[in-house]
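Undergrad: Have a look at this one before I ask anything.
Bear in mind these aren't lab numbers, they're just calculated from the coordinates by the rules spelled out. None of these values were measured; they are calculated from a predicted model. Cβ atoms come from the backbone with ideal geometry, glycine included; neighbour counts cover every protein chain shown.
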Amino acid sequence: MKKLLDTIDSPQQLKHMSAEKLGQLAGELRDLMIHTVASNGGHLAPSLGVVELTLALHSVFDCPRDKIVWDVGHQAYVHKILTGRRERFSTLRKMGGITGFPKRAESEYDAFGVGHASTSVSAALGMALARDLDGEESHVVAVLGDGAFTGGEVFEALNHAGALQRNLIVVLNDNERSIDKNVGALADYFSRIRFAPGYARAKKDVEKLLHRIPHFGGRMLKTASEWKNGVKSVLTPGGLFEELGFHYVGPLDGHDIPVMQSAFLQAKRMEGPILIHVRTKKGKGYPPAEQDPGRFHGIGKFDVATGTGIKAQGTPPTYTSVFSKALIEMAAKDERIVAITAAMPSGTGLKEFGRQFPDRFFDVGIAEEHAVTLGAGLAAAGKKPVVALYSTFAQRGYDQMLHDVCLQGLPVTLCLDRAGLVGEDGPTHHGVFDLSYLRQMPNMTVLAPKDEAELRQMLAFAMEEEGPVALRYPRGAGLGVDLAGEVAAIPKGKAEILREEGEIGMLAVGSMVDAASRAADILGQETPSLRAALANMRFVKPLDEDLLCRWAEEKKLLVTLEENVLAGGFGAAVLEFLADRGLSVPVLRIGIGDCFVEQGTRKELLELCGMTPERIARRVKEKYSLCTR
């Protein structure tokens, strides 16, 4: 029998659909998402939780004339399926396929490109202002989770929107989670709202009581008004948003389509900014995701019947897990070590640290700026803070790193997970800019390990260093090297020479050391007389100046290799050093060009960027031929 979903090519088809049909459609949408993500990987639990919410939005609003702005965007799979991408949904997160996040170039229904949290209200307010400047009539809706409210940008935007009093609808999708359980006073506030008495009933009770107070002039009227507002903020849910200038509606059942349709229809008729609070269950409709929404927030391939992940046998431990264990071992010996993360205790490997040292672990929510400066404060008071963030999200704390940490020379260690190309999550999540923005900061030391064993050594170095340190490492499994034995810190600013002989000097950092070694093997096999020396540079800042000076004199070609953009990165640092010293030697820089790299498997992306061992060998051979003519 043909599925109802197979007939849906546009959200306009939802307009006159019965609640029963929409409920049937919800089930079919969940089935499609579960099986697609099981095959492709992706953000399953967030999208499962907003199926009914998305159906209600698209059945009431007229997109693309009306704008829906999704915060982060990993909950937008239903939106994509309903807006003409159903037949291409099987290509989700594949190279050349549809992306895992809203993208303006992909569809006119994707009003704003997203991937990082807490941006939707700002963007939606900008669209609402542009609409008013153009004299148009349409609706703008921002949809964001309660986790996004831990990011300060949301409150900057709410503050501005409340003051402007323009027509804007904000939908708070409250599922009590970011990836892990939400933390902080705001999470407690939302919890109180969920169990508070109904807004309308409490408001009417207050108004009836006030009507019984006799009016004795302007002073009493003013007092009564102030008293009413005070009682209202105490007794009614959403008082915080009312004080910010928003009409508050909710909390509503986010899985009851007719209830949400009614609320959205009312919101369309109201003037000024409105916040509609809906409660949803992350992972709804798929028991494994409901039971473990954190694991199913972003998951690789899995078995649909059991929810068990599909992994290759004998996979080495991940860099994240090695970092986690090493930090715990060091913290057990040094009580000054504390750990900070921004809503990523599981993703950064700090969850176990939090279990073992609960008084020394701080999850600040989606607030990278605060995380970095919190670390600076702890360091100024004599602690050794480790701030663990994904590389792509650490970009949000740039000023705090520069001004609060580096300017004061404070011993804060930034551990940047997911550095380099992260694969199917695409350009919003690639961590390919950190070497460039970190090395320009005075007092900052920047390192990248060649393998998981060296990650432990670099962490030991960072714990001994008296100033700021940034340590970046890739996503996924390590190389499977031996992790037994004591962990010794490495000498500052000194490279590790892995191969000395050859007229080509390959200078590699981090994940590219292994690729460079394989490329050197290929060169030697293809042309036995063409040998390449290889140095694991370890430090992007400070550079091993002695090695660079020596190889600039001895080698006919230097090759820099980094999993970072070439602009301002490691290769640029080497060129600057050579130029400043007046050293003249041909240099080939291998890295990521001046572009945003799209989604695909890591292997596909490395091939695209010319960074596989085979492509590296070919490029080096061609450059060497030009240099020795």
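Undergrad: Looking at the range 496-627 only, what percent of DSSP beta bridges run antiparallel? Nearest 5 please. Before the final figure, lay out the partial values.
TA: Working: 3 of 18 bridges.
That works out to approximately 15 percent antiparallel.
Undergrad: Whole-Hz ³J(HN,Hα) for each residue in the range 528-540, computed from phi via Karplus 6.51 cos²θ - 1.76 cosθ + 1.60 with θ = phi - 60°, x for glycine and proline: what do you get?
TA: Values, residue by residue: x, 7, 9, 10, 10, 6, 9, 10, 7, 5, 6, 9, 7 Hz.
Undergrad: Also, I was wondering about something else. Sorting check: for 136-142, 423-429, which peptide has the highest mean count of neighbouring beta carbons within 10 Å, and how do the rest follow? Provide the component values of the computation, followed by the final result.
TA: Working: 136-142: 19.3, 423-429: 21.7.
Going from most to least packed, we get 423-429, 136-142.
Undergrad: Also: Given the range 123-168, report the % of alpha carbon pairs whose separation exceeds 15 Å. Walk me through the numbers on the way to the answer.
TA: Details: 461 of 1035 pairs.
Pairs farther apart than 15 Å: 45 percent.
Undergrad: Additional query: Which of rounded, prolate, oblate describes the range 2-79, given a ≥ b ≥ c as roots of the alpha-carbon gyration tensor eigenvalues and a/c under 1.5 marking rounded, otherwise prolate only if a/b is larger than b/c?
TA: Because a/c hits 1.5 or more and a/b fails to exceed b/c, the range 2-79 counts as oblate.
Undergrad: Going through the DSSP H helices of the chain, which span 30 Å or more along their own axis at the Cα atoms while scoring at least -0.5 as a mean Kyte-Doolittle hydropathy?
TA: Numbers: long enough: 19-40 (31 Å, -0.01).
TM-like helix candidates: 19-40.
Undergrad: Among DSSP beta bridges whose residues both lie in the chain, state the antiparallel percentage, nearest 5.
TA: Values: 10 of 66 bridges.
Antiparallel bridges: around 15 percent, rounded to the nearest 5.
Undergrad: Oh, and also: As a footprinting exposure proxy, order Lys384, Lys621, Lys282, Lys3 by other Cβ within 10 Å, with the fewest listed first. Kindly include the intermediate steps, with their values, before the conclusion.
TA: Working: Lys384 22, Lys621 18, Lys282 26, Lys3 13.
In order of increasing Cβ crowding within 10 Å: Lys3, Lys621, Lys384, Lys282.
Undergrad: Distance check, please: which entries in Lys94/Lys268; Lys2/Lys284; Lys541/Lys623 exceed 31 angstrom between their Cα atoms?
TA: Details: Lys94/Lys268 37 Å; Lys2/Lys284 24 Å; Lys541/Lys623 26 Å.
Listed pairs above 31 Å: Lys94/Lys268.
Undergrad: Considering only the range 411-510, what is the antiparallel percent among its DSSP beta bridges, to the nearest 5? List each step's numbers first, then the result.
TA: On the way: 1 of 8 bridges.
Bridges in the range 411-510 are about 10 percent antiparallel.
Undergrad: Quick check on the exposure proxy: order Leu605, Leu32 from fewest to most C-beta atoms within 10 angstrom. Don't skip to the answer; put the middle values down first.
TA: On the way: Leu605 24, Leu32 19.
Fewest-to-most Cβ neighbours within 10 Å comes out as Leu32, Leu605.
Undergrad: Report the rotationally averaged projected area of the range 1-153 based on its alpha-carbon convex hull, in square nanometres.
TA: Quarter of the Cα hull surface area: 9.5 nm².
Undergrad: Could you estimate the translational diffusion coefficient of the chain from the Stokes-Einstein equation, with Rh from the Kirkwood formula over C-alpha pairs, at 4 °C and 1.567 mPa s, in whole µm²/s? Don't skip to the end; give the middle numbers.
TA: Working: Rh = 26.7 Å.
Once the numbers are plugged in, D ends up at 49 µm²/s.
Undergrad: Averaging sequence separations of C-alpha pairs under 8 Å and six or more residues apart, then dividing by the length of the chain, give the relative contact order as a whole percent.
TA: Values: 1268 pairs, mean separation 71.5, N = 629.
Averaging sequence separation for qualifying contacts and normalising by length gives 11 percent for the chain.
Undergrad: Can you sort Met458, Met344, Met270, Met441 by how many other beta carbons sit within 10 Å, fewest first?
TA: Details: Met458 28, Met344 23, Met270 12, Met441 19.
Ordered by Cβ neighbours within 10 Å, fewest first: Met270, Met441, Met344, Met458.
Undergrad: Also, quick follow-up: Which translational diffusion coefficient, to the nearest whole µm²/s, is obtained for the range 496-627 from the Stokes-Einstein equation, given a Kirkwood hydrodynamic radius over C-alpha pairs, 20 °C and 1.002 mPa s? Could the numbers behind the result be given before it?
TA: On the way: Rh = 14.7 Å.
Taking Rh from Cα pairs, D becomes 146 µm²/s.
Undergrad: What ranking, highest mean first, results for peptides 369-377, 400-408, 90-98 when packing means the other Cβ atoms within 10 Å averaged over each residue?
TA: Values: 369-377: 22.8, 400-408: 20.2, 90-98: 17.3.
Peptide ranking by packing, descending: 369-377, 400-408, 90-98.
Undergrad: Now for a different question. Over the range 496-627, what is the mean sequence separation of C-alpha contacts under 8 Å (at least six apart), divided by residue count, expressed as relative contact order in percent? Working shown, then result.
TA: On the way: 219 pairs, mean separation 36.0, N = 132.
Relative contact order here is 27 percent.
Undergrad: Order the peptides 356-362, 246-252 from the highest to the lowest mean number of other Cβ atoms within 10 Å of their residues.
TA: Numbers: 356-362: 14.9, 246-252: 21.1.
By packing density, highest mean first, the sequence is 246-252, 356-362.
Undergrad: Relative contact order, percent, of the range 319-472 when contacts are C-alpha pairs under 8 Å separated by at least 6 residues?
TA: Values: 286 pairs, mean separation 35.0, N = 154.
Reported as a whole number, the value is 23 percent.
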